[in-house]
Amino acid sequence: MTTVCHDGHDAPQLSVVLPAYNEAANIGRVVSETSAYLEACGIPYEIHVVDDGSRDGTAHVLADLEISHPRLRVVRHAENLGYGAAIRSGLAASKGRHILLSDGDGQFDIHDFDPLWRRREQADLVLGYRSPRNDPWTRRIAGWLYNRVLVRVTLGGSFRDVNCGFKLIARPVVEDMELGSTGALIMAELLTRARLRGARFVEVAVRHLPRRRGRATGLLPRVIIRMVAELVTLRGRILERPRSDGRSGLRTECDAVESASA
């Protein structure tokens, strides 16, 4: 489990978390555009890139970027631990009062950040949803089945796009949150635990750009197998079993929290 915990001392307004695996062809542009945009906006920020054991030269690109971008911090995994592990490391390292989760592959444009930022006082989480999703049809179908069928049936919730990588999160939502997923389930777990805390959500359409370079790994068999295994573990651990204090499982509590706030 990774617990997100910071005291907020000298915290910037915004932390940007960018997981990256074999993104040498993309990460330089993503970091430079993000930095330039936030500088122009006048938002005190930091950028955390989590290099998840890349083997393609991403580490060398990031070493050069650290010299020219003083607000960039790089977290390196010695080996590839998975998307969820990268998100967890980025959350643990960040200090901002708000956290923007994005991706290192350049499929989200930082210029779409403003609609999320403007709504930060209306909700604890401002969730992007891809409109439209610019991926091959196989990934679009797989994403629809995962989001609209698998996650809704097993974990509940009615999010439009669970795995959209463009999310703005208020720090209290993830403070002391114990996240266990190391793979693709991380977003579903984060949103489920946030539901339990009674977090308020709004959803905003964001552009999803075609991947220019590099290779997506979301449909690799090992990624899918890990996601299913973590889903079974999560469901068995906290969603269905009665709690030690005799109260109902997490899913029942989530539904009760949402019903009370509706």
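Numbers below:
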| item | result |
| --- | --- |
| Selected residue [open to solvent by less than 60 Å² (accessible area, probe 1.4 Å) and farther than 18 Å from A170 by Cβ] from G90, G57 | G57 |
| Test result for V232, open to solvent by 60 Å² or more (accessible area, probe 1.4 Å), modelled with pLDDT under 75 and of a type in the set (V, I, T) | yes |
| Near pairs, Cβ below 7 angstrom, 6+ apart or cross-chain, from region 129-155 (touching a residue at least 12 places away in the same chain (Cβ under 8 Å) and closer than 22 Å to L209 by Cα) to any residue that is assigned to a loop (DSSP other than H, G, I, E, B) and open to solvent by 60 Å² or more (accessible area, probe 1.4 Å) | Y129/R160; N134/P210; T138/L219; R139/L219; A142/L219 |
| Tally of residues being farther than 14 Å from S35 by Cα and loosely packed, with under 15 Cβ neighbours inside 10 Å across region 61-75 | 2 |
| Region 162-179, residues that are more than 20 Å from Q107 (Cα to Cα), within 16 Å of the chain's Cα centre (by Cα) and in a loop (DSSP other than H, G, I, E, B) | E175, M177 |
| Breaking point among (1) open to solvent by less than 30 Å² (accessible area, probe 1.4 Å); (2) of a type outside the set (V, I, T); (3) touching an Asp or Glu at 6+ places or on another chain (Cβ under 6 Å); (4) part of a loop (DSSP other than H, G, I, E, B), for S15 | (4) |
| Residue count, region 188-208 (criterion: under 11 Å from G157 (Cβ atoms) and either among the polar types (S, T, N, Q) or open to solvent by less than 10 Å² (accessible area, probe 1.4 Å) (or both)) | 5 |
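The values are calculated or read from the model by the stated rules, or taken from the named source; none is laboratory data. Note that the structure is predicted; figures quoted are calculated from it, not measured. Neighbour counts run over all protein chains shown; Cβ positions are idealised from the backbone, glycine included. The protein model used for the area step is the full one, side chains on, heavy atoms only, and it has no ligands, DNA or RNA in it. Shrake-Rupley method; radii C 1.70, N 1.55, O 1.52, S 1.80 Å.
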